[in-house]
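Colleague: Here you go, one structure.
The values are calculated or read from the model by the stated rules, or taken from the named source; none is laboratory data. The structure displayed is predicted, hence computed values, not measured ones. Note that we place each Cβ from the backbone using ideal geometry, even for glycine, and neighbour counts take in every protein chain shown. These area figures cover heavy atoms from the full protein model, side chains too; ligands, DNA and RNA do not enter into them. Shrake-Rupley method; radii C 1.70, N 1.55, O 1.52, S 1.80 Å.
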Amino acid sequence: MVIPVKRLLKSLLYLLIAFLFASPIILLSDSVSNPVTRRENLSAANTAYTSRVQGEHITDLSLKVTEMRFAPEDEPPPFLVVAPEDDPVAGILALRLCAPTVGGGLVLLPTSPPLGPGVLSRMQDMIAAGDTDSHVIALGTIHPDILSEMATHFGVQTLEGNAEQLAIQVDEWMVAHNGVSERYLFIPEEDFRHGLALASWLALTGDPVFPIGRDELSEHLRDYLSVVHGQARGRQNNFYLIAPTSLGTAALMEELNNYGQVVRVAGITPEETALALAQYYDAATQFGWWAGAIPEGNRHYLLGNPDHPAELIAAAPLFSETQYGPTLLTSSERLTSVVETFLWTLRPHWINVPSEGRYNFAWLAGNSDVISWSVQNRVDLINQTVPYDSQGFGGLDSSLLIWLTIGWIGAVWTWIHSVMRRPTMEQHVRLFWVLITLVLGPLGLLSYYLATRGEKPPVAIKEMLSPPTEALSATAATVSLATSIILITGFMYVLFRRPLFLIDGSLFFLGNPVVRSLIVGSLLALAAALFLVEPVLYATGGETHGKLLTDTWKGPVIALTITAVLFSLIVWWLRTHYLSIPPRETQILWWGTAALAAAVTALITYPINYWIVSQNIKKGVLG
């Protein structure tokens, strides 16, 4: 009974070795021949995952955004808020008046007349008819001729003064129309670029924001915060300092603490400040975006250039309604490294088909002089969830290819060495060592050397092997068998198009073909170990297959079950959590993750196999 089983075992080993040799070599060409598509000459304003908000000039850009927000069939804005395009602080404060609670439309005006053709008529087309004459609220220092020109068409209310005075006037207006806030934001007067990180947040919430000095509050602002503190009536005001320590010292924070609880949310550079705000979240006050905590997808974000603040401010009101998300800052010609890293972490995952994933979308503020086409191309590439084969051949692929190549060359060397130096080794044992080297690469070669060094061993069970070597042999055999059968099972699922089933209840995960292929492969590996491998390796002559099966079942059940489960979990984690996009079976990284998982599994299960061998539950018989 053992002879036919031995032939079956050898056939199985030949099949697994042929599969592991041939398939990666054939499929490797698919990885190498699919470089990343570089669209550096991309010139369209809109791509699949980005949209560029641009205009002929700043005023045109701000009018376009307001026209997008208030389509002709929608309710018109109750007023327009205007600010000079060269005053970023006034622009930041104007965003408060665009929040949904008050609903203003933003128009940034040129620094000198004329307004330009069609500007006043476009403003007239948008503005709501009302009982008040104040259809336009003007912030900051606007050229008198432009104010006079607007006054012939609209009622104009002006709020002006230095940055601090203007912030207080805007807040007084907001309190009169919208009530008292519990959140107060402070930006550095010395470097307004850190305040740009708040652009989309202010357009959405209208939170109070005040420019402040580096070391202390001014007398005027101190008096106003005392009034704010009194209005709280025992309620805690929450202050957020959007400034690094170089622009807002500890002494300043200590003074702010007299009027409310202060938290600093900032980085060293404006780009890092925007990133800190994007990731921050205060559950008590619901301040912050909390972006990046979970790569859930379906997120919008506004990308601007801190050296071109007007474009960013003009585009920010797009984020005042349901389409909202954090503001991120980058340079013109190159996507800032911290932002790029963050965007990769935001990339949502999918397991089987792209439709499982929800996509992120970026709005770029300004033309290609503000944010280049190459930056837009890069952001579009990061946002899209695509099959792994469009990602080209990278460094991780190369490292894993070296590991696999060592396995392929080592398998050939193992066969030649065992034939020439170990002629008494039985054929199925020789095939097992070839399989082990293919699966474990350098670890397989090391296992073969340690298990076969020294005098030529007997043919079958080696009582002369030390327990550590015997455990090593058992570990290598178990891991290689389980891994190779699970891999070939996964390929069979691909060949037969592995359907996705909808399963209700607690076993819903079995509907996923990846999960099913791992489970089926593990069961097949266990069956092969029980009915083929163990009876043949333990046969000494004269035993029936049933007797051998009865005597040897405990070892494979324990060792192979642990190995298969551990290998499956590691592969699952590597392909669905560690990698941004799970690789396909036609990619070298699919093989590389399997090889890495097999090596880690062998290292983890070696102590388990050592215990099994020491308890005489199983023997390592591949010496």
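Colleague: Any chance the range 275-296 includes a residue that's assigned to a loop (DSSP other than H, G, I, E, B), open to solvent by 10 Å² or more (accessible area, probe 1.4 Å), among the charged types (D, E, K, R) and closer than 15 Å to Leu204 by Cα?
Modeller: no
Colleague: Next question, about the same structure. So, Lys547, is that one more than 26 Å from Thr601 (Cα to Cα), open to solvent by 40 Å² or more (accessible area, probe 1.4 Å) and either modelled with pLDDT of 75 or more or of a type in the set (D, E, K, R) (or both) or not? Quick ask: steps written out before the conclusion?
Modeller: Values: more than 26 Å from Thr601 (Cα to Cα): yes; open to solvent by 40 Å² or more (accessible area, probe 1.4 Å): yes; either modelled with pLDDT of 75 or more or of a type in the set (D, E, K, R) (or both): yes.
Considered against the rule, which asks whether it is more than 26 Å from Thr601 (Cα to Cα), open to solvent by 40 Å² or more (accessible area, probe 1.4 Å) and either modelled with pLDDT of 75 or more or of a type in the set (D, E, K, R) (or both), Lys547 comes out as yes.
Colleague: Please state which of the following conditions Leu185 fails to meet, knowing it meets all the rest: (1) part of a helix (DSSP H, G or I); (2) closer than 28 Å to Gly105 by Cβ; (3) within 37 Å of the chain's Cα centre (by Cα).
Modeller: Answer for Leu185: the failing condition is (1).
Colleague: Continuing with the same structure: Taking only pairs six or more apart or across chains, which ones have beta-carbon atoms under 8 Å, a first residue in the range 7-25 that is within 17 Å of Leu524 (Cβ to Cβ) and modelled with pLDDT of 80 or more, and a second residue that is assigned to a helix (DSSP H, G or I) and open to solvent by 60 Å² or more (accessible area, probe 1.4 Å)?
Modeller: Matching pairs, first to second residue: none at all.
Colleague: Considering each residue of the range 325-336, count those that are over 14 Å from His194 (Cα atoms) and either among the β-branched types (Val, Ile, Thr) or crowded, with 19+ Cβ neighbours inside 10 Å (or both), and give that number.
Modeller: Final tally of qualifying residues: 3.
Colleague: State all residues of the range 209-262 that are part of a loop (DSSP other than H, G, I, E, B), touching a residue at least 40 places away in the same chain (Cβ under 8 Å) and exposed (fewer than 14 other Cβ atoms within 10 Å of the Cβ); if no residue qualifies, say none.
Modeller: Within the range 209-262, Arg235, Gln236 meet the criteria.
Colleague: Does Phe192 fit the bill of being aromatic (Phe, Trp, Tyr), touching a strand residue (DSSP E or B) at 6+ places or on another chain (Cβ under 8 Å) and surrounded by 21 or more Cβ atoms within 10 Å (Cβ to Cβ)?
Modeller: Values: aromatic (Phe, Trp, Tyr): yes; touching a strand residue (DSSP E or B) at 6+ places or on another chain (Cβ under 8 Å): yes; surrounded by 21 or more Cβ atoms within 10 Å (Cβ to Cβ): no.
So Phe192 fails the test.
Colleague: Sort through Asp215, Asp207 and tell me the only one that's within 23 Å of Thr245 (Cβ to Cβ) and in contact with a Lys or Arg (Cβ under 8 Å, 6 or more places away or on another chain).
Modeller: On the way: Asp215 fails: in contact with a Lys or Arg (Cβ under 8 Å, 6 or more places away or on another chain).
Only one candidate passes the filter, namely Asp207.
Colleague: Are any residues in the range 149-182 in a strand (DSSP E or B) and either surrounded by 16 or more Cβ atoms within 10 Å (Cβ to Cβ) or β-branched (Val, Ile, Thr) (or both), and if so, which ones? Outline the logic, then answer.
Modeller: So in the range 149-182, the residues in a strand (DSSP E or B) come out as 155-159.
Matches in the range 149-182: Val156, Gln157, Thr158, Leu159.
Colleague: Taking the range 308-343 only, how many residues are modelled with pLDDT under 85 and among the charged types (D, E, K, R)?
Modeller: Selection size over the range 308-343: 1.
Colleague: Shifting gears a bit: Run down Lys462, Lys456 and say which single residue is at pLDDT below 60, out of contact with any helix residue (DSSP H, G or I) (no Cβ under 7 Å at 6 or more places or on another chain), of a type in the set (D, E, K, R) and open to solvent by 20 Å² or more (accessible area, probe 1.4 Å). Outline the logic, then answer.
Modeller: Values: Lys462 fails: open to solvent by 20 Å² or more (accessible area, probe 1.4 Å).
On inspection, the qualifying residue turns out to be Lys456.
Colleague: Quick check, is Thr605 at pLDDT 85 or above and part of a helix (DSSP H, G or I)?
Modeller: In short, yes.
Colleague: Within the range 300-307, can one find any residue that is at pLDDT 90 or above, buried (at least 18 other Cβ atoms within 10 Å of the Cβ), assigned to a loop (DSSP other than H, G, I, E, B) and in contact with a Gly (Cβ under 7 Å, 6 or more places away or on another chain)? Spell out how you get there, then give the answer.
Modeller: Pass one, the range 300-307, residues at pLDDT 90 or above: 301-307.
The next check asks that each one be buried (at least 18 other Cβ atoms within 10 Å of the Cβ); those that pass are 301-306.
Of the ones still in play, those that are also assigned to a loop (DSSP other than H, G, I, E, B) are 305-306.
This time we only want the ones that are in contact with a Gly (Cβ under 7 Å, 6 or more places away or on another chain), so: 305.
Checked the range 300-307: at least one residue is at pLDDT 90 or above, buried (at least 18 other Cβ atoms within 10 Å of the Cβ), assigned to a loop (DSSP other than H, G, I, E, B) and in contact with a Gly (Cβ under 7 Å, 6 or more places away or on another chain).
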